[in-house]
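K.L.:
This is the structure I have questions about; it appears just below.
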Amino acid sequence: MSKSWIIENGRIIDPASGRDEIASLVVTQGYIAPAEEPAPADAERINARGCWIAPGLIDMHTHLREPGEEYKEDILSGARAAAAGGFTGIACMPNTTPVNDCAAITNFILDQARQAAVRVYPIGAISRNSQGELLADLGELKNAGVVAVSDDGRPVANSQLMRRALEYASDFNLPVISHCEDVFLGKGVMHEGPVATRLGLRGIPAAAEAVMVYRDIALAEWTEKPVHIAHVSTAQSLDLIRAAKARGVRVTAETAPHYFILTDEDVADYDTNAKMNPPLRSKADREAVRQALIDGTLDAIATDHAPHSTLEKDCEFDLAANGIIGLESALPLSLSLVADGIISPMRLVELLALNPAKILGLSAGTLQHGALADLTIIKADQPFIFSETDIYSKSRNTPFLGRQLPGRTVLTMVGGEVRFEKGLL
Amino acid sequence: MKKQYIFPHRHILGMEQFSREDIAHILTTAESFKEISSRSIKKVPVLRGRTIVNLFFEPSTRTRLSFEVAAKRMSADTFNINASTSSTTKGETLIDTARNISAMHPDVIVLRHSSSGASQLLSQHVHAAVINAGDGAHQHPSQSLLDLMTVQECKDRLDGLKIAIIGDITHSRVARSNIQGFKTMGSNVYVFGPSTLIPMHIEELGAVRARTFQEALEGADVVMALRIQRERLHDPLLPSLREYAQRFGLSSDPLGWAKEDAIIMHPGPVNRGVEMSPEIADSSRSVILNQVSNGVAVRMALLYLVGNA
């Protein structure tokens, strides 16, 4: 039976109830106890003075690489990285080898995840083998336990297939997550702009994202089905999403920390750890992403955690793989938005916990009584230099090593069990 | 007394690393070496005992030969590695290849590679000095320096000249190098070509993007055509070479806009009848073969400046 805890004198931040106050939180039997209930006599004390107590963060966009590329990451190592980053639940994209397009793979992932430090929510493929031709068995996938479907990394080029996916997935209440990229326009290796021109690298125009964002909005509007846009990186896409939301289209959207922290200037000198898809964009795009986090155009911050080994990254820029790891750095980078007065602590928790849980239909992301005791304790004002010792992933591909970050998670609890702790107990 | 100038660069990676003084020094050094190539015994002992590796991952006849001739006239030992004969076809990475070559203690590695940034990557993994002999669409500094030398010889100056670069700017390392090189020396660089082959934001490198052929050529002192690769037809960036020749090729008509004494340049090899008509390529205004001769002198200068460290 799970231990009881009393987490004392922390700042409880729970956007689901609107609660933001210094108080103590009691955990019994793996669940959050009612506020007025006294702690059991055997409850262990955690002094959270000066810390935030937040619902466990939910990453709706992780690549765990298992099955198939376990040398980059596996489900257990990815989950450890997640716990260290304050996440208690991670949704893993289906672009593994083989692709998670059937119950057998989903079952395998869930089986491996039973030993994992955090909850793992598989995302199934939209199409068979993510080839964009035939629908995967979405009903079977749902039954096996996927929380959403996506062909992330292999954007759905066929608009008819996308329309049918939105319609058919809705029969099973499965959110459809779209990686918006016109694959013909997207044949480049970095953002098309002055830096690409100077470096002599093939560009990916901002329009490569926007044209597909608009297609998906048009399909969602016509079919009256929801669609979720993954890793939004451009001002133009955000304008389209803002306008669609205003007229009632059921569109939600996420971005990743690198799109509100870095720009294409960070690619200079051919840093392969600044290579991802979508690519780092212009300063104006970064500003637009920040604005959209404030005004609600963006619903969630996701990591797009994409581990790669030195085999894929220590090479010529145009040959390097896309993506960076993000589970350990997402919260610290997001805290810099709070430190700079761009978003409130409440909004941060909404973006990183409540909204991703809502979009995926999970009963998570809140500290209301009766909820699972999935939570994280955060020291928002404890600057540190992000270094290799902070990385629990098998891979090290991040442009943020050596950067000073404003704060971090000091404890992560899943179902009342401590799964990560650093300098608190 | 004037302070002694010391060449400050260990590697030659691109034109943006050079100040005006650096370029002037390289050109003066190249001029002093040029005479060696006209002697009956074309060899000086300046780099005797030095080892120079020409590491070429892209096919190249002219640039590789030019570096080899330059190295041999300086008495260096040269070794050529072509991608087709090296272990890269066996899945060895550039970094592995670099470390292996480095373990044999060469003094200079001359690299030609299809990836932009490859020479910078190499320079981070070897002890030798690295000379970039063309990396993707990024830089080709020795080509730019030989172009600067050729123009200076013909015009006695670089400051204030109008340089028109015509053709495929997007995929051209020669264009990027020359925009930066000529701009550093005070020339005004205009670029023109089909809009599909002019990269966005080229103005930020310091070039003027001409809207018409006439705007590019009007009053030009130097007209440089760039090579059109046939594979550009498939992207699709161009409908046909025939149409390119008609609308963007150099012939006597558009050249009427340029100064009467304007010189014609091309980094080679020329697609005759595409980038320029055969008459123009062979005319007295064409300095294409001077470029080739100066290429040897400039490469001798670069090998001397970084190979004697």
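The values are calculated or read from the model by the stated rules, or taken from the named source; none is laboratory data. Keep in mind the model is a prediction, meaning the values are calculated, not measured. All Cβ positions, glycine included, derive from the backbone under ideal geometry; neighbour counts span all protein chains shown. Only protein heavy atoms, including side chains, enter the accessible area calculation; ligands, DNA and RNA are left aside. Shrake-Rupley method; radii C 1.70, N 1.55, O 1.52, S 1.80 Å.
K.L.:
With an 8 Å Cα cut-off and a minimum separation of 6 or more residues, compute the relative contact order for chain B in percent.
P.N.:
Relative contact order here is 20 percent.
K.L.:
Another question, then. Quick one: what are the phi-derived ³J(HN,Hα) couplings along region B:298-304, Karplus 6.51/-1.76/1.60 with θ = phi - 60°, whole Hz, x for glycine and proline?
P.N.:
Rounded to whole hertz, the list is 5, 6, 4, 4, 5, 4, 5.
K.L.:
To make sure I understand the rule: partners must be aspartates and glutamates, Cα under 14 Å from the Cα of A:Lys225, and not fewer than 8 residues away in the same chain. Which ones qualify?
P.N.:
In chain and number order, the partners are A:Glu167, A:Asp171, A:Asp216.
K.L.:
Here's something else I'd like to know. What average count of beta carbons from other chains do you get within 10 Å of the Cβ of residues in A:308-319?
P.N.:
4
K.L.:
Put +1 on the Cβ of every Lys and Arg and -1 on every Asp and Glu Cβ in the protein assembly as shown; which of A:Ile90, A:Ala23, A:Ala320 then has its Cα farthest towards the positive end of the dipole?
P.N.:
A:Ala320
K.L.:
About the Cα centre of region B:141-290, what is the dipole size in debye to 20, counting +1 per Lys and Arg Cβ and -1 per Asp and Glu Cβ, all else neutral?
P.N.:
Computed about the Cα centre, the dipole is about 300 debye.
K.L.:
Where the centre of each part is set by its Cα atoms, how far does region A:368-392 sit from region A:85-106, in angstrom?
P.N.:
23
K.L.:
Further, regarding this structure: Roughly what % of DSSP beta bridges within chain B run antiparallel, to the nearest 5?
P.N.:
5
K.L.:
Can you compute the charge dipole magnitude of region A:68-206 about its Cα centre, using +1 on each Lys and Arg Cβ and -1 on each Asp and Glu Cβ, nothing else charged? Give it in debye, rounded to the nearest 20.
P.N.:
Here region A:68-206 has a charge dipole of around 320 debye.
K.L.:
Nothing charged except the Cβ atoms of Lys and Arg (+1) and of Asp and Glu (-1): what's the magnitude of the dipole of the protein assembly as shown about its Cα centre? Round to the nearest 20 debye.
P.N.:
Here the protein assembly as shown has a charge dipole of around 2080 debye.
K.L.:
Cut-off under 21 Å on the C-alpha distance; same-chain residues fewer than 8 positions from A:Lys379 excluded. Which lysines are left, in chain and number order?
P.N.:
By straight Cα distance, A:Lys379 reaches A:Lys422.
K.L.:
Would you mind giving the mean number of other chain beta-carbons within 10 Å of the Cβ of each residue in B:157-166, as a whole number?
P.N.:
Rounded to a whole number, the mean comes out at 0.
K.L.:
Heads up, I need the accessible area for A:Asp182: 1.4 angstrom probe, whole protein in place, Å², nearest 10.
P.N.:
40
K.L.:
Still on this structure, please answer the following. With r as the distance between the Cβ atoms of A:Ser387 and A:Gln29 and R0 = 45 Å, compute the FRET efficiency 1/(1 + (r/R0)^6) and round to 0.05.
P.N.:
Calculated value: 0.75.
K.L.:
I've got another one for you. Could you work out how far the C-alpha centroid of region A:206-280 sits from that of region B:211-253, in angstrom?
P.N.:
Spelled out, the Cα-based centre of one part sits 37 Å from the other.
K.L.:
Can you give the calculated 222 nm mean residue ellipticity of the protein assembly as shown, where each DSSP H run of n ≥ 4 adds -39,500 (n - 2.57) and the sum is split over every residue, rounded to the nearest 500 deg cm²/dmol?
P.N.:
Computed mean residue ellipticity for the protein assembly as shown: -9000 deg cm²/dmol.
K.L.:
Still on this structure, I have one more. Could you check what % of the DSSP bridge pairs in region B:21-172 are antiparallel, to the nearest 5? Don't skip to the end; give the middle numbers.
P.N.:
On the way: 1 of 17 bridges.
Beta bridges within region B:21-172, antiparallel portion: roughly 5 percent.
K.L.:
Counting only DSSP beta bridges with both residues in chain A, what percent are antiparallel, rounded to the nearest 5?
P.N.:
So the antiparallel bridges in chain A amount to around 50 percent.
K.L.:
Rounded to a whole number of µm²/s, how large is the Stokes-Einstein D of region A:56-360 at 10 °C and 1.306 mPa s, given Rh as the Kirkwood radius over C-alpha pairs?
P.N.:
83
K.L.:
Could you sort A:His61, B:His9 by accessible area so the largest value comes first, with the probe set to 1.4 Å? It would help to have the intermediate numbers written out before the result.
P.N.:
Working: A:His61 0, B:His9 40 Å².
Ranked from most to least accessible, the order is B:His9, A:His61.
K.L.:
Arrange the peptides A:296-309, A:340-353 so that the one whose residues have, on average, the most other Cβ atoms within 10 Å appears first.
P.N.:
Taking the mean over residues of other Cβ atoms within 10 Å, the ranking is A:296-309, A:340-353.
K.L.:
Follow-up. Of B:Ser283, B:Leu237, B:Leu255, whose Cα points farthest to the positive end of the dipole of region B:141-290 (charges on the beta-carbon: +1 Lys, Arg; -1 Asp, Glu; origin at the Cα centre)?
P.N.:
Checked the options; the winner is B:Leu237.
K.L.:
If you keep only loop residues by DSSP, which chymotrypsin sites (Phe, Trp or Tyr not before Pro) in region A:350-399 have at most 12 other Cβ atoms within 10 Å of their Cβ?
P.N.:
The qualifying sites: there are none.
K.L.:
Now a separate question. Which GluC sites (Glu not before Pro) does region A:21-120 hold that lie in a coil by DSSP with at most 11 other beta carbons within 10 Å?
P.N.:
Working: sites: A:Glu21, A:Glu36, A:Glu44, A:Glu69, A:Glu70, A:Glu73; in loops: A:Glu36, A:Glu69, A:Glu70, A:Glu73.
When the GluC sites (Glu not before Pro) of region A:21-120 are filtered for loop state and at most 11 Cβ neighbours within 10 Å, A:Glu36 remain.
K.L.:
Sticking with the crude label model, points 7 Å out along Cα→Cβ, report the distance from B:Ser40 to B:Glu153 in nm, one decimal please.
P.N.:
Output for this residue pair reads 2.3 nm.
K.L.:
Considering only Cα-Cα distances, which of the following residue pairs are longer than 29 Å: A:Lys313/A:Lys358; A:Lys275/A:Lys394; B:Lys3/B:Lys43; A:Lys187/B:Lys183?
P.N.:
The pairs that break the limit, which is 29 Å between Cα atoms, are A:Lys313/A:Lys358; B:Lys3/B:Lys43; A:Lys187/B:Lys183.
K.L.:
Then there is this: Mean separation of Cα pairs under 8 Å and 6+ residues apart, divided by the residue count of region B:141-290: what relative contact order is that in percent?
P.N.:
Contact order relative to length: 23 percent.
K.L.:
Restricting to Cα pairs below 8 Å that are 6+ residues apart, what does the relative contact order work out to for chain A? Please round to a whole percent.
P.N.:
After rounding, I find 21 percent.
K.L.:
While we're here: Which of A:Asp171, A:Asp239, A:Asp59 ends up with the largest GNM mean-square fluctuation for chain A, with Cα atoms connected below 10 Å?
P.N.:
Of A:Asp171, A:Asp239, A:Asp59, the most mobile in the Gaussian network model is A:Asp171.
K.L.:
Sticking with this structure for a sec: Over what distance in Å are the Cα centres of region A:1-80 and region B:101-173 separated?
P.N.:
Cα centroid of region A:1-80 versus Cα centroid of region B:101-173: 56 Å apart.
K.L.:
Here's another thing I want to ask about it. Along the Cα→Cβ direction, 7 angstrom out, place labels at A:Asn158 and B:Asp96. What is the inter-label distance in nm?
P.N.:
3.9
K.L.:
Still on this structure, I have one more. Order the peptides B:115-123, B:289-297, A:131-139 from the highest to the lowest mean number of other Cβ atoms within 10 Å of their residues. Present the calculation step by step, with values, prior to reporting the outcome.
P.N.:
Values: B:115-123: 24.8, B:289-297: 20.3, A:131-139: 16.8.
In descending order of packing, they fall as B:115-123, B:289-297, A:131-139.
K.L.:
Still on this structure, please answer the following. Rank A:Glu140, A:Glu316 by accessible area, highest first, at a 1.4 Å probe radius?
P.N.:
A:Glu140, A:Glu316
K.L.:
Further, regarding this structure: Which Cα, out of B:Gly167, B:Leu27, A:Leu348, lies furthest along the positive dipole direction of the protein assembly as shown (beta carbon charges, K/R +1, D/E -1)?
P.N.:
B:Leu27
K.L.:
Please average, across the residues of B:216-229, the number of beta carbons from any other chain that are within 10 Å of each residue's own beta carbon, and give a whole number.
P.N.:
So the per-residue partner count for this stretch is 0.
K.L.:
Can you work out the FRET efficiency for the pair B:Met200 and B:Ser240, with r the C-beta to C-beta distance and R0 = 22 Å, to the nearest 0.05?
P.N.:
So the FRET efficiency works out to roughly 0.35.
K.L.:
Taking just the alpha carbons, could you work out the radius of gyration and Dmax for region B:163-273, both in angstroms?
P.N.:
Every Cα atom of region B:163-273 included, Rg and Dmax give 13.0, 37 Å.
K.L.:
Output ³J(HN,Hα) for region A:55-65: one whole-Hz value per residue in order, computed from phi by the Karplus curve 6.51 cos²θ - 1.76 cosθ + 1.60 with θ = phi - 60°, and x for Gly and Pro.
P.N.:
x, x, 6, 10, 9, 8, 8, 10, 10, 9, 6
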